[in-house]
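Report on the structure given below.
The values are calculated or read from the model by the stated rules, or taken from the named source; none is laboratory data. Computed from a predicted model, the values in this text were never measured in an experiment. Because the Cβ atoms are built from the backbone with ideal geometry, glycine has one as well, and the counts that use them run over all protein chains shown. To get the accessible areas, we keep the full protein, side chains included, count just its heavy atoms, and leave off ligands, DNA and RNA. Shrake-Rupley method; radii C 1.70, N 1.55, O 1.52, S 1.80 Å.
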Amino acid sequence: MTKLNNPRTKECNYCGDYFAQVYATKSFCSQFCRFWAKVSYGKNCWEWNAGKDPKGYGQFENKHAHRTAWLYTYQTNLDDPTIFVCHKCDNTGCVKLSHLWLGSASENNKDTQKKKRGAIGERNGRAKLSNNDVLAIRQSSLPYLVLSCRYGVTEFHIYQIRSRRCWKHI
């Protein structure tokens, strides 16, 4: 649309096109422009600068911003909850398309484990032991019963730690 001598015509803040302004506060010609205007284009990641959820994922109209970026670009139906838009860069606020890939829950979990960024060891919210506790248990010559009472875990858990069947990452 070209600019006419119409007070209701406004220039889009993102793409520069002119559009018929219905509401006085509208600054963008489309949802597409409104979305991409909220992104900082860095050399590596394109960071989402608007609202984020507690885990750092960008939010746009009650959806994750990286899913919306994929949808706007590839016109893919993402209503299927088994389809995940995963990050190669592990930056939850990134919406750069070359950093995103489609996968399943299983593929996303395998990627998490491969990169060692899951909730393992003391990063697990339910862990009773710290990394230092595990090292102390492995070095101790005290019986399982004494260690289990000291650390508040079962004797079997002490056995698993000493035999490296759990807490393998340490």
Please work out which residue is surrounded by the most Cβ atoms within 10 Å (Cβ to Cβ), limiting yourself to region 89-114 and to residues that are among the charged types (D, E, K, R) and outside any helix (DSSP H, G or I).
LYS96
Residues (among the aromatic types (Phe, Trp, Tyr) and in a loop (DSSP other than H, G, I, E, B)) located in region 31-65
TYR57
Leading residue by the ranking (nearest to SER30 (Cα to Cα)) among those in region 40-56 that are in contact with a strand residue (DSSP E or B) (Cβ under 6 Å, 6 or more places away or on another chain) and open to solvent by 60 Å² or more (accessible area, probe 1.4 Å):
ASN49
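I'd like the full set of residues that are assigned to a loop (DSSP other than H, G, I, E, B) and either surrounded by 12 or more Cβ atoms within 10 Å (Cβ to Cβ) or at pLDDT 85 or above (or both), limited to region 116-125.
Matches in region 116-125: GLY118, ILE120.
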The number of residues in region 16-42 that are among the basic types (Lys, Arg) and at pLDDT below 90 is 1
Per-region count, region 17-39, residues surrounded by 15 or more Cβ atoms within 10 Å (Cβ to Cβ) and β-branched (Val, Ile, Thr):
1
Filter result (touching a helix residue (DSSP H, G or I) at 6+ places or on another chain (Cβ under 6 Å) and of a type in the set (A, V, I, L, M, F, W, C)) within region 56-84:
PHE60, LEU78, PHE84
So which pairs qualify, if the first residue must be in region 26-39 and over 16 Å from LYS96 (Cβ atoms), the second must be open to solvent by less than 40 Å² (accessible area, probe 1.4 Å), the Cβ gap must be under 7 Å, and the two must be at least 6 apart or on different chains?
PHE28/CYS12; CYS29/CYS12; CYS29/PHE19; CYS33/CYS12
For GLN139, indicate whether it is over 30 Å from SER30 (Cα atoms) and in contact with a Cys (Cβ under 8 Å, 6 or more places away or on another chain).
no
Filter region 73-88 for residues that are modelled with pLDDT of 90 or more and either surrounded by 16 or more Cβ atoms within 10 Å (Cβ to Cβ) or among the small types (Gly, Ala, Ser) (or both); which is nearest to GLU47 (Cα to Cα)?
HIS87
What pairs can you find where one residue is in region 128-142 and open to solvent by 40 Å² or more (accessible area, probe 1.4 Å), the other is not in a helix (DSSP H, G or I), and their Cβ atoms are less than 7 Å apart, with a gap of 6+ or different chains?
LYS128/GLY152; LYS128/VAL153; ASN131/ILE170; LEU135/ILE170
